[in-house]
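The values are calculated or read from the model by the stated rules, or taken from the named source; none is laboratory data. Here the structure is a predicted model, which is why all the values come from computation and not from measurement. Backbone-built Cβ (ideal geometry, glycine too); neighbour counts: all protein chains shown. SASA here: full protein model, heavy atoms, side chains in, ligands and nucleic acids out. Shrake-Rupley method; radii C 1.70, N 1.55, O 1.52, S 1.80 Å.
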Amino acid sequence: MINTECGNPEIKRAFIFSLNTGLGLAEIKKLEWSKINDGKISHFTRAKTDTPLVIPLNKDALFALGRREKISNMVFDLPTSTNGCNKVLNNWVKRAGITKHITWYCARHTFACNLL
């Protein structure tokens, strides 16, 4: 998928970031630049568990993150609708020739499997 064009470059960056951090779509949508310092995400609390976390960022996550080029506090400029994000992801997956059903949760699961 990395070599396939995506209809929304922000979705592509966010999905690759999710693959390398284990963050879900809801968490990525809320991620602010102020939480990223010294190659890690700090002062971050998972909404589902209310657990504070510090997440070190590997080189691929840092690459997907890119440089802060906009004034916005949000790291990713994603559609507000989850359905909109899923639609772009599904189109990107099809364009890449993948026939399996890929979701944002797949990115979290891939991250967990890579940790194991």
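If residue 30 passes every condition in (1) within 14 Å of the chain's Cα centre (by Cα); (2) of a type in the set (Lys, Arg); (3) loosely packed, with under 13 Cβ neighbours inside 10 Å but one, which one does it miss?
Tallying (1) within 14 Å of the chain's Cα centre (by Cα); (2) of a type in the set (Lys, Arg); (3) loosely packed, with under 13 Cβ neighbours inside 10 Å, residue 30 fails exactly one: (3).
Residue check: is residue 67 modelled with pLDDT of 95 or more and open to solvent by 70 Å² or more (accessible area, probe 1.4 Å)?
no
For residue 87, all conditions in the list (1) in a loop (DSSP other than H, G, I, E, B); (2) open to solvent by 60 Å² or more (accessible area, probe 1.4 Å); (3) under 21 Å from residue 106 (Cα atoms); (4) of a type outside the set (S, T, N, Q) hold save one; what is the number of the exception?
For residue 87, the exception is condition (1).
Determine which single condition residue 20 fails, assuming it passes every other condition in (1) part of a helix (DSSP H, G or I); (2) surrounded by fewer than 19 Cβ atoms within 10 Å (Cβ to Cβ).
Every condition holds for residue 20 apart from (2).
Restricting to the stretch 40-53, what's the tally of residues that are open to solvent by 30 Å² or more (accessible area, probe 1.4 Å) and modelled with pLDDT of 90 or more?
Within the stretch 40-53, residues that are open to solvent by 30 Å² or more (accessible area, probe 1.4 Å) and modelled with pLDDT of 90 or more number 1.
Of all residues being closer than 12 Å to residue 36 by Cβ and either out of contact with any strand residue (DSSP E or B) (no Cβ under 9 Å at 6 or more places or on another chain) or of a type in the set (S, T, N, Q) (or both) in the stretch 70-80, which is surrounded by the most Cβ atoms within 10 Å (Cβ to Cβ)? Just the residue, please.
Ranking the qualifying residues of the stretch 70-80, first place goes to 76.
Among the numbered conditions (1) of a type outside the set (Val, Ile, Thr); (2) closer than 14 Å to residue 22 by Cα; (3) open to solvent by less than 70 Å² (accessible area, probe 1.4 Å), tell me where residue 115 comes up short.
(3)
Looking at (1) closer than 19 Å to residue 29 by Cβ; (2) assigned to a helix (DSSP H, G or I); (3) open to solvent by 60 Å² or more (accessible area, probe 1.4 Å), which is the only condition residue 62 fails?
(1)
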